[in-house]
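Enquirer: This is the structure I have questions about; it appears just below.
Each reported figure results from applying straightforward, stated rules to the coordinates on display, with no laboratory input. Keep in mind the model is a prediction, meaning the values are calculated, not measured. We place every Cβ from the backbone using ideal geometry, glycine too, and count neighbours over all the protein chains shown.
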Amino acid sequence: MLKLIKNFNKKEWGLVLISLFLIVSQVWLDLKMPDYMSEITKLVQTEGSAMADIIKNGSFMLLCALGSLIAAIIVGYFVSHLSSSFSMKLRKKLFNKVENLSMHEIKQFKTDSLITRTTNDITQVEMLIGMGLQLLIKAPITAIWAITKILNKSWQWSVATAVAVVILLSVIGVLMVTILPKFKIVQKLIDQVNGRVREHLTGIRVVRAFNAEKYQEEKFDNVNTKLTNQQLSNQKKFAFLSPVMYLVMNSLTLVIYFIGAYLIKEALMVDKISLFGDMVVFSSYAMQVIMSFLMLAMIFMMLPRAQVSASRINEVLETKRSVEEGSFSGETNIAGSVEFKNVSFKYPDAEEYLLKNISFKVEKGQTIAFIGSTGSGKSTLINLVPRFYDATEGEVLVDGINVREYTEESLYNKLGYVPQKAVIFSGSVLKNVAYGESKNEKTEQEIKEAIRVAQGEEFVLKMDETYETELASGGTNISGGQKQRLAIARAIARNPEIYIFDDSFSALDYKTDSILRRELKKYTKDATSLIVAQRIGTIMNADKIVVLDNGECVGMGTHKELLASCEVYKQIALSQLSKEELENA
């Protein structure tokens, strides 16, 4: 928690200091009122006292109460502003951190957990700052100040108050030790609830198609019940605190008056009035002490969960990225060149290599394709180019320079990437295709041309608002083939040096696939294309085809060369096309 608070800027620290001053003023005013009450008590008990003196002291009490109220309102406003602005800044910082994490770190934390940390965990910290900061400052100041005022009144009353404080601290301490580990479980269960909801919403069509609603409900109910039971268990333990607090507070009041009655009875007549006034004042101060610990109890109810949330937030913020950004952002002598030199790769936590000793080179204007059975490492291989992961061994060169040396911006400006699963963002068709920044500004006409080349013009013009039609997040209001064509159009609109197509034609029918590739070849004749595909028809015209089998390159060449020399490629081709079709291709 302290690590997060260190992120306060000068303005926020200024608000903290002003709030501290106002809280101290509020405590002083609250503790001044019993003194006036004691004076009024003595005046009422003393013969010949003037009504003006009683009214004067009563007026001072009212002024103290009013001043305390004004200070409390101002502090509440400042602290609310502080907590909301700090949580906004923290959310932004956490979002930016997650955005810059490599794929390995994102998979390590899991998407569901990252969502919880960005929302629920930050809310817990915000609540602690908003409510807890006032109480955390006010409670100890009030307790210490009140104790110093009552220490010289009577040792009997002081001992009674000390016993009450020890009982309260013991109860709070036991609850803290018992409940703190439980809140870690609560936040993990919230992660799981998020995961179940996200899984259900993402796969809602499959769930309904397979009549699996009951199964999904049972999965959700299972984790939801665990979360509810854990929360109930925690709240039951906290519920024990409230009656103990009020029992101790009321018992202390009775003990103070009981001791006071005994002391007044034994005292001389001249001291009775003074003792009675002291008893009233001591009772007020003792209640201030107990109320201070009640406020601390409220903090201790919020602190464990906020502490767990703060640790989870810091865990993300302090994570070191495994893919470090380079510093090169200048121009290169060559453009559109991609070369793999003895590249091997395994995931950070894996023991076996997924790619083994891969080498190839493709020049500007050429097309290189990758084919192989499922799990052979095709997508992993091309994901090394945009540095979603770094090669474990060997070098990946773009324009003759190791990708590790590039700044992210300069590397990505060279690439037009179409992922295996087409991603559509909420917004218009134009905004989706024009998405992101590139070294070249995209005009509306260029965006429309990119949609035409990607064979998307036909269905876009049939939409109600054509290019301004709003698309839902994930593209749920368009088909899979339409999503794929818009994703391809997005890459084309960037006009990059290098295109990366990660199985990006699988949702297209053969006719659309053929027309798109023909148009794409004309449009990207001066660019380099890296294509991962399952269909032989998609890649047979590539300048170079790399055949992968279990992460190893088992063949490289043109379509005809591989038919003659690579058995793996031949088997894949024969599983899709007849001998006659292959011979005439």
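Enquirer: Mind pulling the angle between the C-alpha long axis of helix 269-317 and the longest principal axis of the chain? Nearest 10 degrees, somewhere in 0 to 90.
Expert: 10
Enquirer: Okay, moving on. Please give the length that would be gained between residue 210 and residue 229 if that part of the chain were fully extended, namely 0.36 nm times their separation in residues minus their C-alpha to C-alpha distance (nm, one decimal).
Expert: Length gained, residue 210 through residue 229: 3.8 nm.
Enquirer: Can you sort 55, 40, 141 so the residue with the fewest Cβ neighbours within 10 Å comes first?
Expert: Ascending number of Cβ neighbours within 10 Å: 55, 141, 40.
Enquirer: Past 23 Å, Cα to Cα: identify those pairs from 184/346; 97/346; 10/93; 378/414; 356/421, in the order given.
Expert: Checking Cα-Cα distances, 184/346; 97/346; 356/421 exceed 23 Å.
Enquirer: Largest first and in whole Å, give the semi-axes of the range 48-114's equivalent ellipsoid, each being the square root of 5 times a Cα gyration tensor eigenvalue.
Expert: So the equivalent ellipsoid measures 58, 10, 5 Å along its semi-axes.
Enquirer: Rounded to the nearest 0.05, what FRET efficiency is calculated for residue 84 and residue 374 with R0 set to 41 Å and r the Cβ-Cβ distance?
Expert: So, using R0 = 41 Å, E works out to roughly 0.25.
Enquirer: Among 254, 344, 224, whose Cα lies farthest out toward the positive end of the dipole of the chain, if unit charges sit on the beta carbon of Lys, Arg (+1) and Asp, Glu (-1)?
Expert: Farthest towards the positive pole: 254.
Enquirer: Let me see the P(r) profile for the range 453-585: every Cα-Cα distance counted, bins of 10 Å, each bin given as a percent of all pairs.
Expert: 11, 38, 31, 15, 5, 0
Enquirer: Another one. Cα convex hull of the range 2-317: mean projected area in nm², to one decimal?
Expert: 20.9
Enquirer: Also, I was wondering about something else. Would you mind getting me the FRET efficiency between residue 95 and residue 148? Use the beta-carbon distance for r and R0 = 45 Å, nearest 0.05.
Expert: Given R0 = 45 Å and the Cβ-Cβ separation, E is 0.45.
Enquirer: At 7 Å along Cα-to-Cβ for each site, give me the label-to-label distance between residue 575 and residue 469 in nm.
Expert: 3.6
Enquirer: Quick check: the angle from helix 213-239's long axis to the longest principal axis of the chain, C-alpha only, nearest 10 degrees?
Expert: 20
Enquirer: Another question, then. Between the range 66-99 and the range 197-230, what is the separation of their alpha carbon centroids in Å?
Expert: 36
Enquirer: Still on this model: Grab the alpha carbons of the chain, take their convex hull, and tell me the volume per residue in Å³.
Expert: Convex hull volume per residue, Cα atoms: 211 Å³.
Enquirer: A follow-up question, please. Once amide H atoms are built 1.01 Å from N in the peptide plane, which residues 5 or more positions from residue 545, or in another chain, come under 5 Å H to H?
Expert: It is 369, 557, 558, by chain and number.
Enquirer: If you don't mind, there's one more thing I want to ask. Would you mind checking the tilt of helix 10-45 against the longest principal axis of the Cα atoms of the chain, expressed as 0 to 90 degrees and rounded to 10?
Expert: The two axes meet at around 20 degrees.
Enquirer: Same structure, new question: What does the C-alpha gyration tensor say about the overall shape of the range 367-477? Classify as rounded when a/c is under 1.5, otherwise prolate if a/b is larger than b/c, or oblate.
Expert: prolate
Enquirer: Which value, in debye to the nearest 20, gives the size of the charge dipole of the chain about its Cα centre, when Lys and Arg are +1 and Asp and Glu are -1 at the Cβ?
Expert: 1160
Enquirer: Could you please rank 390, 53, 464, 502, placing first whichever residue has the fewest other Cβ atoms within 10 Å of its Cβ?
Expert: Fewest to most other Cβ atoms nearby, the residues stand as 464, 53, 390, 502.
Enquirer: Here's another thing I want to ask about it. Show me 525-537, 481-493 ranked by packing, highest mean number of other Cβ atoms within 10 Å first.
Expert: Ranking, from highest mean packing down: 481-493, 525-537.
Enquirer: On to the next question. Considering the zone a paramagnetic label at residue 104 would reach in this model (a point 7 Å from Cα along the Cα-to-Cβ line), which residues of the range 394-410 have amide N under 11 Å from it?
Expert: none
Enquirer: Same structure, new question: Treat each spin label as a single point 7 Å out from the Cα along the C-beta direction, and report the residue 250 to residue 163 distance in nm.
Expert: With each label point 7 Å from Cα toward Cβ, the separation is 1.9 nm.
Enquirer: In the chain, if the dipole is taken from +1 on Lys/Arg beta carbons and -1 on Asp/Glu beta carbons about the Cα centre, which of 242, 197, 375 is farthest to the positive end?
Expert: 242
Enquirer: I've got another one for you. At 0.36 nm per residue, and after removing the present C-alpha to C-alpha distance, how many nm does the segment from residue 476 to residue 111 gain when stretched out fully?
Expert: 129.4 nm
Enquirer: Which distance in nm do the two modelled labels at residue 325 and residue 349 give, with both placed 7 Å along the Cα-to-Cβ direction?
Expert: So the two model labels end up 2.7 nm from each other.
Enquirer: Efficiency by 1/(1 + (r/R0)^6): what FRET value for residue 155 and residue 51, r their Cβ-Cβ distance, R0 = 41 Å, to the nearest 0.05?
Expert: 0.70
Enquirer: Taking the alpha-carbon centroid of each part, what is the distance from the range 466-540 to the range 340-358 in angstrom?
Expert: 28
Enquirer: Can I ask one more? Using helices alone, what [θ] at 222 nm do you get for the chain, with -39,500 (n - 2.57) per DSSP H run of 4 or more residues, divided over all residues and rounded to the nearest 500?
Expert: Value at 222 nm, helices only, nearest 500: -21000 deg cm²/dmol.
Enquirer: Please rank 313, 70, fewest neighbouring Cβ atoms within 10 Å first, as an exposure proxy.
Expert: With the sparsest Cβ surroundings first, the list reads 70, 313.
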